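The values are calculated or read from the model by the stated rules, or taken from the named source; none is laboratory data. The model shown is predicted, which means the values in this text are computed figures rather than measured ones. Neighbour counts run over all protein chains shown; Cβ positions are idealised from the backbone, glycine included.
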């Protein structure tokens, strides 16, 4: 499927504020960036770099006053996500070095404190894809989606206690439970077609059988038609905007639409 996505961010500052944005998706095995536009107003120099997780980051210095960022993409994505119930979990000693850090506890994913819960969920399931599928299902069935029920400090441990949260909390808990059973897991942020209400979205991926699989605990089933913008250990690594100073966010507007199909004949 081809998707058009937009994101507009409007800020106001009273001082000089250095900032890092993470707003440019990359083409990969699950998506192809057909077209991309990136606008900032007023114009300031932009320095782009790639972070340690492979995300494209845009570094700017915002002057006092109003500042606007908008991006537009046209992306070819898959209508479905891959699943392989028979895929075997990878033993730690056989994992590639670049996925090992996704096994460790992180700021929002205290996997070392959730081992008992994780083991109670996977029980005697075989050491396959089915263990992560069971974790995704447990989070979906036991955590209530409640807007405003968490904030920027809420962790996986908090969500396991409160049994409520929003998409980033569902992702953090899924990630922490996977790591607790020695399955590498990472956070993903981006866009999801027909998400209600429309907003930026978060989900997680788990490394199984030598590759990454997509899991979304906020949905009844994990569906396709997603645009990935960034990957990281947890929300601390995938903030789409990081501001180093005082600012006010005045507006954020997100759209994801399917453009009309044009045939040539």
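Descriptive notes on the structure:
- Given (1) in contact with a strand residue (DSSP E or B) (Cβ under 8 Å, 6 or more places away or on another chain); (2) outside the structural domain of residue 12 (by TED's automatic domain parsing); (3) not in a strand (DSSP E or B), index of the condition residue 245 fails: (2)
- Criterion: under 29 Å from residue 18 (Cα atoms) and surrounded by 20 or more Cβ atoms within 10 Å (Cβ to Cβ) - qualifying residue of 238, 183, 254: 238
- Selection from the range 218-228 of residues that are under 12 Å from the mean Cα position of the chain (by Cα) and either buried (at least 24 other Cβ atoms within 10 Å of the Cβ) or assigned to a loop (DSSP other than H, G, I, E, B) (or both): 226
- Candidates 99, 16, 71 - the one that is surrounded by fewer than 18 Cβ atoms within 10 Å (Cβ to Cβ) and more than 30 Å from residue 210 (Cβ to Cβ): 16
- Residue in the range 50-65 that is closer than 30 Å to residue 224 by Cβ, free of Cβ contacts under 8 Å to residues at least 40 places away in the same chain and loosely packed, with under 13 Cβ neighbours inside 10 Å present: yes
- Being exposed (fewer than 13 other Cβ atoms within 10 Å of the Cβ) and assigned to a strand (DSSP E or B) is a condition met by no residue of the range 104-117.
- Within the range 138-165, the residues that satisfy the criterion of being under 18 Å from the mean Cα position of the chain (by Cα), over 21 Å from residue 197 (Cβ atoms) and touching a residue at least 24 places away in the same chain (Cβ under 8 Å) are 155, 156.
- Entry remark, the range 189-206: residues being touching a residue at least 12 places away in the same chain (Cβ under 8 Å) and surrounded by fewer than 22 Cβ atoms within 10 Å (Cβ to Cβ) number 6 in total.
- Looking only at residues of the range 124-134 that are in contact (Cβ under 8 Å) with a residue 60 or more places away in the chain and part of a helix (DSSP H, G or I), we find that the one that is nearest to residue 90 (Cα to Cα) is 129.
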